[in-house]
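Beneath this line is the structure, given in structure tokens, with notes to follow.
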Amino acid sequence: MNEEVFQKKIDSEQKIEPKDWMPDGYRKHLIRQISQHAHSEVIGMQPEGKWITRAPSLRAKMILLAKVQDEAGHGLYLYSACETLGITREELNEQLHQGKAKYSSIFNYPTLTWADMGAIGWLVDGAAIINQVSLQKTSYGPYSRGMIRICKEESFHQRQGYEIMTQMTQGTAEQKEMAQDALNRFWWPSIMMFGPHDADSPRTGNAMKWKIKRKTNDELRQNFIDKTVGQADLIGLKIPDPDLKWNEERGSYDFGEVDWDEFWNVVNGNGPCNKQRLNHHRKAHKDGEWVRDAIKAYAEKHK
Ligand code: BYC
């Protein structure tokens, strides 16, 4: 009976709030997705963080610093939303450190040049926005409200990345080459961010029924490609996909097949930087232990 009432609420677009009754499967599904989303924001600071000290101007450094700081904030909104489902931050971190919780595959690729800061903002944040705009309408209230705040900042991130790419394509031949090389390396991993094809996505069925996801992996991927191709054309960059072609009938681009072996390899912990990213997070967490202890002791003393 409870389940029927719950589904009716979902079907009539009412939000589910922390104290409302919800099926155990819905709660678990959300904890998994929101925590993975939070971990992605936090681990996602690493590939860009390394370039803060090497930014080519004070302006570029200030912008990158602000962006990376925003990602930490996004992680915090999302951990808070996740905690409303009855799990603690400590448990979530433990799941990450034990390799039980995933984070986005995209952050397991190295950032080799300054142009990669452009490619990440333009493509990775661009892909993230497409996904997150649809998640603004997700059925769980705290997740939905978190997404609304995050999307406002994410659109600035996408623009700063596109600005870097634009500047580099208008620079020297070497700079233009760096921009094209960054696009070549980040294009396919960005397409993979949307996850497996719908037919191979075990989570999509429940996620759509419960309106946790509002669009499927393939719908979002197509949307991203359709938006991004024109942006590449405008700044004279070539998308590294020989099968990319406008399909008049569908009103969308056809595109080549993702290397799914590469995708699963990265998701399963064997990408170029998986070990480095997790070890860095474990170390930072350990180094911060004294701060957490001090906060706990202070709170205890002033109870
Ligand atoms: N990477 O059934 P599926 C950012 C896993 S960060 C790793 O389709 P689902 C930013 C999936 O978890 C924004 N794993 O699952 C930060 C599942 O495994 P489990 C990140 C992936 O959940 C810093 C299995 O594959 N955004 O913006 O329906 C700097 C089967 O997949 C991936 C989010 O996290 C992947 N790419 O759909 C710059 C958005 N894809 O959990 C930028 C929120 C799939 O069963 N998350 N898997 O063991 C989602 O929308 C969905 O969880 C996904 C996957 C679309 C990612």
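The values are calculated or read from the model by the stated rules, or taken from the named source; none is laboratory data. Predicted, not measured: the structure shown is a model, and the values here were computed from it. We place every Cβ from the backbone using ideal geometry, glycine too, and count neighbours over all the protein chains shown.
Tabulated values for the structure
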item	result
All positions within segment 216-246 that are closer than 18 Å to THR169 by Cβ and among the hydrophobic types (A, V, I, L, M, F, W, C)	VAL229, ALA232, LEU234, ILE235, LEU237, ILE239
Residues located in segment 17-38, provided they are surrounded by fewer than 12 Cβ atoms within 10 Å (Cβ to Cβ) and in contact with a helix residue (DSSP H, G or I) (Cβ under 6 Å, 6 or more places away or on another chain)	GLU17, TRP21
Sole residue being under 16 Å from the mean Cα position of the chain (by Cα), farther than 23 Å from ASN268 by Cβ and not charged (D, E, K, R), chosen from TYR109, TYR103, TYR140, TYR79	TYR79
Yes/no for ALA128 being in contact with a Leu (Cβ under 8 Å, 6 or more places away or on another chain), of a type outside the set (Val, Ile, Thr) and surrounded by 21 or more Cβ atoms within 10 Å (Cβ to Cβ)	no
Exclusive hit being in contact (Cβ under 8 Å) with a residue 24 or more places away in the chain and either in contact with a Lys or Arg (Cβ under 7 Å, 6 or more places away or on another chain) or within 14 Å of the ligand (Cβ to nearest atom) (or both), set GLN136, GLN98, GLN158	GLN158
Subset of segment 246-275 (residues that are in contact (Cβ under 8 Å) with a residue 60 or more places away in the chain and assigned to a helix (DSSP H, G or I))	TRP260, GLU262, PHE263, VAL266, VAL267, GLY269, ASN274
Test set (1) closer than 28 Å to ASP259 by Cβ; (2) at pLDDT below 95; (3) touching a Gly at 6+ places or on another chain (Cβ under 8 Å) - ILE120 fails condition number	(2)
Selected residue [away from the ligand (no atom under 16 Å from the Cβ) and closer than 18 Å to ALA127 by Cα] from ILE235, ILE225, ILE239	ILE239
Test for LYS238: is it of a type in the set (Lys, Arg), surrounded by fewer than 14 Cβ atoms within 10 Å (Cβ to Cβ) and closer than 23 Å to ALA119 by Cβ	yes
Residue within segment 87-95 that is within 26 Å of GLN167 (Cβ to Cβ) and either assigned to a helix (DSSP H, G or I) or touching a helix residue (DSSP H, G or I) at 6+ places or on another chain (Cβ under 8 Å) (or both) present	no
VAL5 in a helix (DSSP H, G or I) and crowded, with 19+ Cβ neighbours inside 10 Å	no
Exclusive hit being more than 23 Å from the chain's Cα centre (by Cα) and not aromatic (Phe, Trp, Tyr), set PRO242, PRO272	PRO242
The listed residue being part of a helix (DSSP H, G or I) and farther than 30 Å from GLU17 by Cβ, out of ASP243, ASP218	ASP218
Residue identified as over 19 Å from the mean Cα position of the chain (by Cα) and not acidic (Asp, Glu) among SER57, SER35	SER57
